[in-house]
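Chemist: Take this structure first; my questions come after.
Just so it is clear, none of the values below were taken in a lab; they were calculated from the coordinates. Source: prediction; values computed, not measured. Glycine gets a Cβ as well: all are built from the backbone with ideal geometry, and neighbour counts include every protein chain shown.
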Amino acid sequence: MTPKHEKQEFVTVLVRDPRIKKEDSWHSHIDYEIFIHTNSMCFTRKTSCVRRRFREFVWLRQRLQSNAALIQLPELPARTPFFNTNNPQHVDQRRQGLQQFLQKILQNPLLLSDSRLHLFVQTQLNPEDIEACVSGHTKYSVEDAIHEFACLKRRFPVEDEGRKKENYADSDSESSSSGLGHSSDDNISHGCKGSTDTVPEEP
């Protein structure tokens, strides 16, 4: 029998459950669920689920690259002007690309030391608030944030207001509606369905 302390560590990450979220009559975007299950000592929570959109993945990669200049980070799925939210094949190809990106990122010990990565995959904080938390400009620490708000059922009190701040990056609106699961209501897109959740995406 293998002693407990010799048990092999694992990190399972799934990107799944793409949902279309309407922004207005003309624009919508897709977000995806990131589900994490692990026994790794690197993680504050062993199970978590959050939703993120494509432009947030773009932000994460840029921040990780700037903090680990000597590491060649994996690529994100290519942006394309022909991305169609109503095309299941387009959406699933992007979902697979995002999952492969996170799987490779989470295998790198150096990148795992970056608090931004943990806040990205285990809280629903937007990039501005992640930066504030990592910089010590919030009343909650990184560990506090992950412990209290790892599941989308529990959100920071300022999150609803924080939605206004979501134009921190280039627009990821998509001028199509319908197709996958619709969720124009945050109460729908911000609930952990058992072990699942959704993550946002951009064209």
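Chemist: What FRET efficiency comes out for Met41 versus Leu73 if R0 is 25 angstrom and r is the Cβ-Cβ distance? Round to the nearest 0.05.
Modeler: Numbers: r = 23 Å, r/R0 = 0.92.
That gives a FRET efficiency of 0.60.
Chemist: Right, next: Calculate the spin-label point distance for Glu9 paired with Asn86, positioning each point 7 Å from the Cα along the beta-carbon direction, and give it in nanometres.
Modeler: A separation of 4.7 nm, rounded to one decimal place.
Chemist: Once you list every other residue whose beta carbon is under 11 Å from the beta carbon of Tyr140, what net charge do they have if Lys and Arg are +1 and Asp and Glu are -1?
Modeler: So the surrounding residues net to -3.
Chemist: Please give the charge dipole size of segment 4-156, origin at the Cα centre, charges +1 on K and R Cβ atoms and -1 on D and E Cβ atoms. Round to the nearest 20 debye.
Modeler: So the dipole magnitude of segment 4-156 works out to roughly 320 debye.
Chemist: Hey, another quick one. How far apart, in nm, are the 7 Å Cα→Cβ label points at Gln100 and Gln65?
Modeler: 1.7
Chemist: I would also like to ask the following. Mind listing the phi-derived Karplus ³J(HN,Hα) values for segment 82-94, rounded to whole Hz, using 6.51, -1.76 and 1.60 with θ = phi - 60°, and x for any glycine or proline?
Modeler: 9, 4, 10, 5, 8, 9, x, 5, 4, 5, 6, 4, 5
Chemist: Excluding Arg19 itself, calculate the net charge of residues whose Cβ lies under 9 Å from the Cβ of Arg19, where each Lys or Arg counts +1 and each Asp or Glu counts -1.
Modeler: Working: positive: Lys21, Arg51; negative: Asp17, Asp31, Glu33.
Taking every other residue near Arg19 into account, the sum is -1.
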